[in-house]
Structures are given as structure tokens and as C-alpha cells.
Amino acid sequence: MVEGAKNFVAGPFRQMYEGFQSGEALDELPDYVASRETPATNPALAAKFPLNIISPKSHGFLNSCYANVSEKIKGQGEQFVMINQLDAKARNIQQGDIVRVFNDRGAFESVARISSDVNAGIVVATLGYWRQLNNGTVNCISSAEFGDMGHSTTFSDNLVEVGLA
């Protein structure tokens, strides 16, 4: 337990912008905070957008740096979304189809990669692609909400739907 702990964002992560240095009091004993957008925590939203999306870093780019370099794009491949076979079948999606991933905030198109590496109910699309070179990117569907401590991002706390483009 830490008495008097305050919410803060370390300088390198807030890029010295003091407006993100909120300083509100934190609970002395940290606890689990549920995601905002899941079927369990937001069933009405999940009825429209039943899939959770996870958006990890890409291997070929450094954030979005180098995502316009042809050799890096060649190594990383086209913008893609990984989807479980059960979810793909329910949406008549085949391997290699161009799909639209969307929610109320936006949409992007990508190549469907059907994979058992992704559990049913979850899709994965990597960060880093440039929207100028693609029809949207995974950032188009992300929430601008902050997480609970340190004003962390919530780019992996989003519900979406996937359909043929």
C-alpha cells in the first residue's frame, strides 16, 4: 500500500505535456478494472459489434515509421486482420478476402487471415500501416478514452464487427 499516491504520467510518455499530469488520488490498494468494451461489460454494444480487437505492434515497422518504405511493406505484408475460423465462417469470410473492420468510430479494410492462433470472438490487426496507403487503419476504430492509471491507452479495449468489403 502506498498512501497519498497520485495519478501521473511520466514525462517521456506525456511528451512533457503538463495537461496529462492530472494528479488525482489513486486507491491505496490497486485493483482490477474491467475493460469498457466487452460482451460482459457492455452487452448492448456487443450486440452491434461482437468481436474484441487486439492491435499489437507490427514486426516490420517502428510504430508508423518506415510504413511507407517499400522494402518494409514487402517484409510486413499487406494490412491484415487475423480471424478465427468460427467467426470467419459465420460471416462467409474466406482466407484472403478483403474485409471491412468497423464500429461506430470508424472502419478500415484489410486482408482476412483465418487462423487458429486467434480465439473465437477476437480479431487481431497490427498497428503501423499508413491510412494514406490503405483504406483506413486499425487506429480508425480505436477509442480516445484513457485507461485508469497513468492515462494509458485503450486501443485494445474496442469492440468491432467484420464483414466482406
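Numerical summary
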read-out	value
Rel. contact order, % - alpha carbon contacts under 8 angstrom, at least six apart, the stretch 25-165	33 percent
Fraction in percent of alpha-carbon pairs per bin - 10 Å, the stretch 38-164	13, 44, 34, 8, 0
Separation of the residue 25 and residue 47 label points, Cα + 7 Å toward Cβ, nm	3.9 nm
Cα gyration tensor, the stretch 109-165 - rounded (a/c under 1.5), prolate or oblate	oblate
Spin-label model distance (nm) - residue 86 vs residue 62, 7 Å beyond Cα toward Cβ	4.1 nm
Residues whose placed amide H lies under 5 Å from that of residue 153, excluding near-sequence neighbours	147
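Values in this text are rule-based calculations from the coordinates and carry no lab data. Everything numeric here is computed off the predicted structure, so don't read it as measured data. Glycine also receives a Cβ, built like all others from the backbone with ideal geometry; neighbour counts cover every protein chain displayed.
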